[in-house]
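The values are calculated or read from the model by the stated rules, or taken from the named source; none is laboratory data. These numbers were taken from a predicted model, which means no experiment stands behind them. All Cβ positions, even for glycine, are placed from backbone atoms using ideal geometry, and neighbour counts span all protein chains on display. Accessible surface areas use protein heavy atoms only, side chains included; no ligands, DNA or RNA. Shrake-Rupley method; radii C 1.70, N 1.55, O 1.52, S 1.80 Å.
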Amino acid sequence: MAYKILDSCVACGTCAGECPVGAISEGDIYSIDPEKCIDCGTCAGVCPTGSIEEA
Ligand code: SF4
């Protein structure tokens, strides 16, 4: 289980700076590497558009 970023992402970058394991990478929208994610939920808590949810 890992978190995922939805299409409603506006690529603000807030989550990437908060992830403790560096699992979030930049793109047209941001994405989470499921191999690195430890399911802490930090990113979901800081996303201003509510675009991160448990996969
Ligand atoms: Fe990173 Fe935690 Fe979000 Fe996984 S749930 S991508 S470890 S901040």
For D28, indicate whether it is open to solvent by 70 Å² or more (accessible area, probe 1.4 Å) and more than 9 Å from the chain's Cα centre (by Cα).
yes
When segment 1-16 is examined, which residues are found to be within 10 Å of the ligand (Cβ to nearest atom) and exposed (fewer than 13 other Cβ atoms within 10 Å of the Cβ)?
M1
Of the residues in segment 33-55, those that are within 11 Å of the ligand (Cβ to nearest atom) and part of a loop (DSSP other than H, G, I, E, B) come to D33, P34, E35, K36, C37, I38, D39, C40, G41, C47, A55
Filter segment 19-32 down to the residues that are touching a residue at least 24 places away in the same chain (Cβ under 8 Å) and more than 6 Å from the ligand (Cβ to nearest atom) and list them by number.
I29, Y30, S31
